[in-house]
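Peer 1: Structure below; questions to follow.
Every read-out reported here was derived from the displayed coordinates using simple, explicitly stated rules and does not represent laboratory data. In this text the structure is predicted, and so the values were computed from the model without any measurement. Please note: Cβ atoms are built from the backbone with ideal geometry, for glycine as well, and neighbour counts cover all protein chains shown.
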Amino acid sequence: MPGQRTDASVAFSATENLSQSIAGMKNSVNSFKGDVTGLQRQLDTLTNTRFQLKNFDLKQAQQELQRTKRAFEELGEAATDAEREAARADFQRANQNYENVRSQLNLVSRQARQTERDLLDATGAISRAENRAGRSGGVLSSLGQAGAFSAVGDIASQWARVLISSSAGSTEGSLFSGALGGMGSGAAIGSMIAPGVGTAAGAAVGGVLGLVQGGSQVYEAQNEAFRSYYQQLYEQGQTEAETSLSSGSATAAQRELDAMAFNRLLGTGIGDSYLSDLRTLAADTPLEYSDLTTMSRSLATGFGDSPERMLDLMTAIGDAGSAVGVTAADMNEMARAMSRMNSSGKATLEYLNILQERGVNVIGMLADEYGKTQGEIYDMISRGQIDGRDAVDIIQRGMESMYGGAMETMAGTFSGLTSTLQDAMTELDNARGEGYNSERTAGLQAEIDAYGGELGEAIQSLNRISGENQAYMENLSDQYMREALSAVLLGQDTTLFGSEQQADLAAMRESYLAASEEYADGSQEAGIKMDNLRREAESLATAAYENSEQYQLMQDAELDLIGAIRENTAALNGWRSNYAMSEELSKGLPLFSNYDSSLYTGDDFRDSAAFGIRRVPYDNYAALLHDGERVLTAREAREYDRGSGGVSVNISGTWAVSSPADVDSIAETIVKRLELAMKAGVRS
């Protein structure tokens with residue numbers, strides 16, 4: 001200021017007192033920057049991992065799951081129990097792998113979002129630390145008291161954030177700590193301009209600005225939470241749609257094969273009607289559609305002339321199996337045994353034991369029917385005195401009598417409801433898959449026609465040429481390596497190297513021979529030199545190969561390809577779709593949106609206007625208002641938007657500034673901070 005004189009001893013003392021603080025600030029900034037670099041590397045790795053999991057690993061796991069499921073379901077009657085167990089184990093492993101990949105994708109996605117938030121926090125910390133360091137560095141030549149005020153403000157701000165955030169939440173903690181930090185910074189500025197009055201006024205203004213800064217931090221945190229949330233919803237919808245399409249397409253394709261098979265087994269048209277009944281049965285019972293089709297194939301060999309009987313038998317077997325608690329695979333074995341008894345006309349102990357060992361007392365059913373003891377029944381079985389068809393009828397009646405309605409009861413349990421829901425979801429996915437397969441079939445046929453004809457022949461020829469090109473370059477690279485090593489280790493002539501490289505190889509050969517003699521005399525260092533000469537020859541071979549005319553021609557062709565792709569991409573503007581998608585997902589909260597967390601507590605938050613709304617969206621709009629709030633008419637609102645209304649800031653006290661530019665700078669800062677605070681929902 002004019003008329004003031006800076007005392008040299010005071011300035012020197014201030015520098016001494018604040019040098020340690022400034023160094024600490026700089027170290028803090030460097031530490032933050034290191035964190036940002038590490039976080040960025042971590043985010044890049046997580047992004048790449050998420051892309052790999054989503055677009056490759058998850059899809060491969062889905063395909064493997066569908067493949068093993070089809071392989072298990074398509075096993076015929078000739079398959080052994082060992083083959084069935086192996087197929088079931090493959091399916092279970094594929095399902096476990098799919099669930100594992102999906103869990104990894106969810107985990108990586110969550111970690112990537114958290115890393116993004118950490119990166120934003122660290123970046124903000126850098127900016128704040130650098131600003132503090134810059135401000136302090138500029139006043140070291142004046143009063144050291146400013147550093148003390150600023151340090152006190154920072155300490156108070158940190159404690160306020162910890163204590164208030166713990167009791168009232170992070171939002172209130174940010175606002176209050178921002179106010180205290182601003183008071184310390186304002187007091188520091190005021191003490192440099194006019195100690196005493198300036199210090200108090202600076203603290204007051206700094207408190208207001210700190211409150212505004214805290215509001216901007218709250219807005220930034222809520223904005224990031226909002227963006228991460230809706231991005232997660234979008235990605236979740238995309239993943240679910242892709243999973244549904246993959247599963248539904250496979251289901252629809254399998255049902256197409258089922259229709260062909262059952263129309264052949266039961267008769268044209270009859271098979272379609274039968275499968276429709278199976279879907280209804282699957283929807284009403286704990287049994288899944290795929291389990292019912294498997295059982296149907298087993299029953300078809302013995303009861304293919306009566307689809308109605310097959311449905312009745314499956315109901316009876318399903319009730320019995322549900323009552324005794326066996327798996328769908330066990331029920332299929334029971335169906336196969338009954339089918340064999342009916343088709344062969346023999347009730348052998350082998351067939352009957354399949355049901356008996358799974359908890360269905362078929363021996364007792366036969367004993368009751370014939371009025372015999374179970375021992376006598378075993379004797380009749382061994383003598384072949386029980387007809388297989390009669391045994392099936394007796395067993396069916398016995399299961400219906402003893403276990404009838406068991407599936408209906410089980411359908412009301414958690415396990416049964418889960419299975420029924422799974423059937424319902426399968427039908428939903430199947431609808432998507434049917435639509436996709438139906439439309440995609442024409443495209444697949446067009447692909448087959450094209451690549452199975454002249455286009456395919458042309459591509460095959462080109463692929464052969466491409467393979468030859470690759471092999472030619474690899475052979476050339478190998479030849480450079482062989483000739484270089486042969487020249488140094490064996491002293492042989494070369495055909496690919498130029499005169500300068502040949503001279504280098506000859507010199508290496510001489511050095512190699514000398515080192516060999518020294519190594520033979522017991523010098524281990526000479527052995528190290530021999531190995532280094534080999535590595536030097538290999539490096540020379542690689543460099544010579546990559547400098548060869550053939551390699552350079554290949555590189556020029558690749559550069560031309562990159563340039564052509566770039567020019568075509570620029571001309572067609574296809575890249576803008578990815579840019580637009582990325583840009584849309586980078587957007588945060590709309591300006592002036594009603595997002596404050598206090599609005600989202602209570603039953604009537606949707607109608608609350610406690611923090612204001614930009615405009616009334618429609619006539620007769622209902623809102624909850626609070627004491628002291630104001631509602632403007634449309635005309636008043638238009639005048640307000642044109643500038644009739646506004647926010648005024650009154651600062652009392654005496655200010656002394658060094659130049660007129662300081663006034664403009666302070667005013668500009670206040671305006672910017674107020675704009676951020678209004679966007680953040682701060683109203684006072």
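Peer 1: Multiply the residue gap between GLN92 and ASN353 by 0.36 nm, knock off their C-alpha separation, and tell me the result in nm, one decimal place.
Peer 2: 91.2 nm
Peer 1: Among 57-70, 446-459, 537-550, how do they line up from the highest to the lowest mean number of other beta-carbon atoms within 10 Å?
Peer 2: Highest-to-lowest ranking by the protection proxy: 57-70, 537-550, 446-459.
Peer 1: Please report ASP521, ASP387, ASP504 as a ranked list, fewest other C-beta atoms within 10 angstrom at the top and most at the bottom.
Peer 2: Placing the least packed residue first, the sequence is ASP521, ASP387, ASP504.
Peer 1: Sorted from fewest to most neighbouring beta carbons within 10 Å, what does the list PHE497, PHE414 look like?
Peer 2: Starting with the residue having the fewest Cβ neighbours, the order is PHE414, PHE497.
Peer 1: Taking R0 as 60 Å, what's the FRET efficiency between ALA520 and GLU474 from their Cβ-Cβ distance, rounded to 0.05?
Peer 2: Details: r = 37 Å, r/R0 = 0.61.
So the FRET efficiency works out to roughly 0.95.
Peer 1: Quote to one decimal, in nm, the extra length available between THR373 and SER438 on full extension: 0.36 nm per residue of separation minus the C-alpha distance between them. Present the calculation step by step, with values, prior to reporting the outcome.
Peer 2: On the way: separation 65, 0.36 × 65 = 23.40 nm, distance 5.92 nm.
That works out to 17.5 nm of additional length.
Peer 1: For GLN42 and ARG84, compute 0.36 nm times the residue count separating them, minus their Cα-Cα distance, and round to one decimal in nm.
Peer 2: Gain on extension, GLN42 to ARG84, equals 10.6 nm.
Peer 1: Based on the alpha-carbon gyration tensor of the range 457-582 and its eigenvalue square roots a ≥ b ≥ c, which shape applies: rounded if a/c is under 1.5, prolate if not and a/b is larger than b/c, or oblate?
Peer 2: It comes out prolate by the Cα gyration axes.
Peer 1: Of THR327, ILE270, THR293, whose Cα points farthest to the positive end of the dipole of the range 215-332 (charges on the beta-carbon: +1 Lys, Arg; -1 Asp, Glu; origin at the Cα centre)?
Peer 2: ILE270
Peer 1: Going by the alpha-carbon gyration tensor, a ≥ b ≥ c the square roots of its eigenvalues, is the range 382-423 rounded (a/c under 1.5) or, if a/c is not under 1.5, prolate (a/b greater than b/c) versus oblate? Display every interim value, and only then the final one.
Peer 2: Working: a/c = 4.67, a/b = 3.19, b/c = 1.46.
Verdict is prolate for the range 382-423.
Peer 1: Quickly rank 575-583, 286-294 as a protection proxy: mean count of other C-beta atoms within 10 Å, highest first.
Peer 2: 286-294, 575-583
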